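Each remark here refers to the structure printed beneath this line.
The values are calculated or read from the model by the stated rules, or taken from the named source; none is laboratory data. Note that the structure is a prediction, hence the values are computed from the model and not measured. When we count neighbours, we look across all protein chains shown, and the Cβ atoms used for this are built from the backbone with ideal geometry, even at glycine.
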Amino acid sequence: MVKVYIDGQEGTTGLKILERFSGREDIELLRIDEDKRKDESERQKLINASDFTFLCLPDDAARQAVTLAGDSVRIIDASTAHRTLPDWAYGFPELSAAHREKIASSNRVAVPGCYASGFISLVYPLVSAGVMPTDYPVTVHAVSGYSGAGKKGIAQYEDENRGGEFDSPREYALTQQHKHLPEMKAVTGLDSEPIFCPYVCDFYSGMTVTVPIFPKLLKKFRAVYDIHKVLEEHYYGQKLVKVMPLGEMPSGGFLAANTLSGRNDMEIFVFGNDDRMLLCSRFDNLGKGASGAAVQCLNIMCGVDETVGLV
């Protein structure tokens, strides 16, 4: 049995991790008293009493928490703080055998961001296969449920007296400054950050991420069939990432963003034709985009089936 502590267990991600531990007999959860949640010495005590500590904290607090941990404590950080650092494992095991091995052996694992997970799932295989040049002018569109906005955002959306603008999809990151952009560039190996157009919408959880492609700007494999094959072969045999059959259209021709809400897997689609393509990734921003990915990493680090506790 391994001892697990969640630093920041009252936040959205922390609570969802706790849900995924329900019924597990291989985990002993270490709990902090409510009145000591911000007591540094008590947090340090619990971090170092654990085998694994999840950090579900703002970036600065996550960096500070790492300084409290001894070398033997294995940290799984759900914040943005450590995702681009080379000495941290990046917690997306489906990207390559090397990513999976580094997660398994590392004491420091950074869980991917939700938007970044969708983007990287589509772009990383194409860049690593030499299909997409690293100077490709990438654009990414994304739609998310409002749970990704954190406690304050959730409260705004669920306020019965909210303004009418909350009834509509709301585009943001208009200045092209978003915390996931450095991660999107670094992990895929692109020369530049993509143009990023995210929307938060009036549903609780779920996400679609879409990357439009002009095949004529690619290095090779310019047919839609070939691009689908690259993605299909890259994720062959993976349990939580599935490339959907080419030509299979979602119900009514609409790709709903909330279809995988409450789940921990990801679906990848290739739409379009040999002139213009849409690469789409669909998943739960709180599942494969956050807590589900964190628990998957824990399972790999523990040497158990990666899907234990995951729907």
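Some notes on this structure:
- Some residue of the range 112-122 being in a loop (DSSP other than H, G, I, E, B), in contact (Cβ under 8 Å) with a residue 60 or more places away in the chain and surrounded by 24 or more Cβ atoms within 10 Å (Cβ to Cβ): yes
- Answer residue from the range 107-163, given it is charged (D, E, K, R) and within 30 Å of Thr67 (Cβ to Cβ) and is modelled with the highest pLDDT among those: Arg108
- Close pairs from the range 128-152: first farther than 30 Å from Ser261 by Cα, partner among the aliphatic types (A, V, I, L, M) and in a loop (DSSP other than H, G, I, E, B), Cβ under 7 Å, at least 6 apart: Val131/Leu218; Met132/Leu218; Thr134/Leu190
- Residues in the range 67-99 that are more than 15 Å from the chain's Cα centre (by Cα), under 23 Å from Val2 (Cα atoms) and not aromatic (Phe, Trp, Tyr): Thr67, Leu68, Ala69, Gly70, Asp71, Ser72, Val73, Arg74, Ile75.
- Whichever residue in the range 183-204 is assigned to a loop (DSSP other than H, G, I, E, B) and among the charged types (D, E, K, R) and, among such residues, is nearest to the chain's Cα centre (by Cα): Glu193
- Single unsatisfied condition, Met249 versus (1) at pLDDT below 95; (2) closer than 28 Å to Tyr90 by Cβ: (2)
- Residue satisfying all of: in the range 49-66; more than 16 Å from the chain's Cα centre (by Cα) and within 18 Å of Ser106 (Cβ to Cβ); surrounded by the fewest Cβ atoms within 10 Å (Cβ to Cβ) among these: Arg63
- Listed by first and then second residue, the pairs with beta-carbon distance under 8 Å, at least 6 apart or on different chains, first residue in the range 160-182 and in contact (Cβ under 8 Å) with a residue 24 or more places away in the chain, second among the hydroxyl-bearing types (Ser, Thr, Tyr) and not in a loop (DSSP other than H, G, I, E, B), are Phe166/Tyr157; Pro169/Tyr199; Arg170/Tyr199; Glu171/Tyr199; Tyr172/Tyr199; His178/Tyr115; His180/Tyr115.
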